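Okay, so here's the structure we're looking at.
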Amino acid sequence: MEQTRTAPAGRGTAPRGRATPRRPRRGRIIATAAAYLITFVILFPLLWIVLLSFQPNDDILGRSFSFADISLANYRQATRTLNLLVMYKNTLVLAFFSVTAGLVVSFMAAFALTRMVFRGGRRRAQSTLRYYFLAGLAIPVYVLLFPVYRIDIALGIFGTHLALILPYIAVTIPFNILLLTGFLREFPEEVEQAALLDGVGLWGMAWKVVFPLMRPVLATLAILNVIYVWNEFPFAVTLINDPTLTTVSLGVSQFQGVYDVDYGAMMASATLVLVPQLVVYALFQRQVISGMTAGAAR
């Protein structure tokens, strides 16, 4: 019998059973380059602030990228001038009460807009009310400063924590409702129907069935709202006149005088304000992304 010989595989031929690796497409390369560029644009100002916090004022104004006179003098000046523990405590108190109350009110409003039917089947009124809440996203904060100031004076709460807690709740409600209604529209109705068959009422349906299953989007909103309260400045500088109630955003502005500005200490205090936010966001970034995706399904 004659034996047939198989020719050896050449260098240009791929062995059988293995897929030839595909070269990255041009679109993937462009997307990767764009992602790196956006990351650089976002991180560059933060890195620059950290660099400036170690430099004296003369180098900041003249030689911003100089590494000749790096020291911790700005941080010592910031810690001597600012009572960081009091500032952090005041900001955390404001964040706890405003975020907690804002999430509760937003959840109740979103549940009513997506699950309850108005009397007489007025779905147009229900839709109008939802757009009324969402219209708050288009109102600039600076437009609200004078009305809120007059309301706080009339209520006698000017210069207190409550003077900031109420505006913070009102400002965060529109964005919270936007994400919560999007999540509730994708919520499986079979879960609620099963709860109704078990005799669960409306109140129990909202807080014992739906609310626990909304932890991803609620955690996302809690993180974003805390970051907003942490960085908020217009309301704080307008409604707080007591040094013992100073927040972290107000502390950074204390280094700006009438005739001069201590840029080094300002950059150091800004770094101390930024670091806790970056740590929190780095720890919960997956939770934020998953919650934003769930809330923006529609």
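A short reminder: the numbers here are calculations on the coordinates, not readings from a lab. Source: prediction; values computed, not measured. In this analysis, Cβ positions are derived from the backbone assuming ideal geometry, glycine residues included, and neighbour counts consider all displayed protein chains.
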- [ ] Given the peptides 204-210, 243-249, arrange them by the average over their residues of other C-beta atoms within 10 Å, most packed first.
- [x] 243-249, 204-210
Task: In the range 20-103, chymotrypsin sites (Phe, Trp or Tyr not before Pro) in a DSSP loop with at most 10 other beta-carbon atoms within 10 Å - done: Phe65, Phe67
TODO: Arrange the peptides 148-161, 176-189 so that the one whose residues have, on average, the most other Cβ atoms within 10 Å appears first.
DONE: 176-189, 148-161
TODO: Rounded to the nearest Å, what's the spacing between the alpha carbon centres of the range 30-94 and the range 186-223? Just the number, please.
DONE: 43
Open item on the list: Explain nothing, just the number: relative contact order of the range 94-174, from Cα pairs under 8 Å at least 6 residues apart, as a whole percent.
Closed with: 55
TODO: Kindly identify the range 156-261 as rounded, prolate or oblate by the Cα gyration tensor criterion: order the square roots of the eigenvalues as a ≥ b ≥ c, call it rounded if a/c is under 1.5, otherwise compare a/b with b/c, prolate if a/b is larger, else oblate.
DONE: prolate
TODO: Return the distance in nm (one decimal) between the two label points of a simple spin-label model at Leu43 and Arg63, each offset 7 Å from Cα along Cα→Cβ.
DONE: 2.7
Open item on the list: Only four residue types carry charge here, +1 at the Cβ of Lys and Arg and -1 at the Cβ of Asp and Glu. Report the dipole size of the range 179-238 about the Cα centre in Debye, rounded to the nearest 20.
Closed with: 200
